[in-house]
DNA sequence: TCGGATGAGAGACCGAACTT
DNA sequence: TAAGTTCGGTCTCTCATCCG
């Protein structure tokens, strides 16, 4: 039996920021470097406490053939991570923040390996699950620290890294963009692994947070950040260090709940520099000979998604087909060609994939004739998973592609709600997106609230015969939501608080979002799907509060949005559907 | 703030118990 | 009884915010 291929993720780098540490990562492969000797003779002997691991790592460094396996470089972690022992080369090679342990953990080590790999300093061999030093990696290792030569190598390497070019492209026209602006247009933004927070809701939260103690606003600033937003921040940070981008605070005037406005800012905001424009011009080079070839990997076409192998392969073949074609291909043509390769997909899915490829930094022109590949890419390998292991599309992908078909008016970025709704890690984003959807697509007024002792959202209509308000709670849950008693009780408290509006009972007075003119109130739970006793709980809350409630699945939320947009459903109709049961449109 | 740090979820993996 | 299957715990990978 052949060993099973390990499936790794490349191209998206979360933690690393310091080029000094990138260089140490690369120099561990260069036996003539000081770092190599330091790590082998000092760092590993001192930091690796387990004798067997220590022996293995030193033997790996003394190996004649110059490669390291993923395990040797990155190692593993434990559940209490501060106590995770040092068990890998990169862990030992790089010092932790504050030098508390003297080494970094496996996740940051993984990040440095991904970084060196993305910039072309390391090459990956999937059969051996190992990394090798490349020629430019060696050149980088040998370059003098902080020299012009080193900078030239790094800029050249960044130019071959598609996401960096993507960031420069987004900034090309001189706009001052925040990490949120960039994050939502980066990679396969929106899907699991590429979360991006809506900037207006972030600003809203800042503007409505108390100014003292300052820790409240500071924690919003530092804690509210999706993965794609973070990728955008880190990549922009590298570009800033190379002088290709400048960082500067961006100011906003934000309306508050009370009706006044407040001045807020986002520090992670960026503009392109002249040097940056030059690099971009060269990356876009009209002639193939000038253009810097990009490094693209199958492993970067999806990260944390359910059907990772399937989706990556589909995207890889889509790109492959575009690369092979001298003329533009439209979605129907791509659909036919993909089918011949064994992928039965809707046009909308293909459209979404191409958008993701473009957002990852690959130049593809979108014209009325279709998609035209306009880039130079180094050859990349698409793993063969063979006939014994057919690529099967999972349930989630099926549901999503079905919705792509049904939703003609609702922006397809919202289809990701289906996935987010089942990922408890993405609870906050789920709250955000549901409120955003109800506001943008259904045209409700209101706010995302969040925080302790508040419902997730407060929404209301404006201009109906009888306007009504909705008290909203959301829950991202993998196996379906049964509406436990504790959550029903919490909702009952919110509904009562709103009925009574007593600042002594809840001093945060979240109900002030609603205009005084609104007298009719309803409560709503939104989740992936519902099961169990939810009806009983709805009836109980309704009885106690004298208000009507409902539960709503994301799928119905999306389909309802479609009907609102095509005019076959009104907000009055939606209001009438609150009958202590699940809403089906 | 910058540059990682953290606990957790999900699935891969692995040996023991169970089935056929 | 050998070989396959299931069970249940452990290990690995990868976040999505968190934070000193």
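Coordinate-derived values only; no laboratory data. These numbers were taken from a predicted model, which means no experiment stands behind them. No Cβ is skipped: glycine too gets one built from the backbone with ideal geometry, and neighbour counts run over all protein chains shown.
Per residue, what volume in Å³ does the convex hull of the Cα atoms of the stretch A:114-156 enclose?
Values: hull volume 2.8 nm³, N = 43.
Residue-normalised Cα hull volume stands at 65 Å³.
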Relative exposure of A:61, A:396, judged by other C-beta atoms within 10 Å (fewest first): A:396, A:61
Compactness index (Cα Rg / 2.2 N^0.38 Å), the stretch A:444-526: 1.11
Cα radius of gyration and Dmax for the stretch A:159-284 (Å): 15.5, 50
Antiparallel bridge percentage (DSSP; both residues within chain A; nearest 5): 65 percent
Per-selection Rg to Rh, chain A - Cα, Kirkwood hydrodynamic radius: 1.00
Of every Cα-Cα pair in the stretch A:417-582, the percent that sits beyond 22 Å: 38 percent
Size-normalised alpha-carbon gyration radius of the stretch A:19-134, reference 2.2 N^0.38 Å: 0.96
Convex hull volume per residue for the stretch A:244-307, taking Cα atoms only, in Å³: 187 Å³
Centre separation in Å (Cα based) which lies between the stretch A:108-147 and the stretch A:214-244: 25 Å
Directionally averaged projected area (convex hull, Cα atoms, the stretch A:274-373), nm²: 7.4 nm²
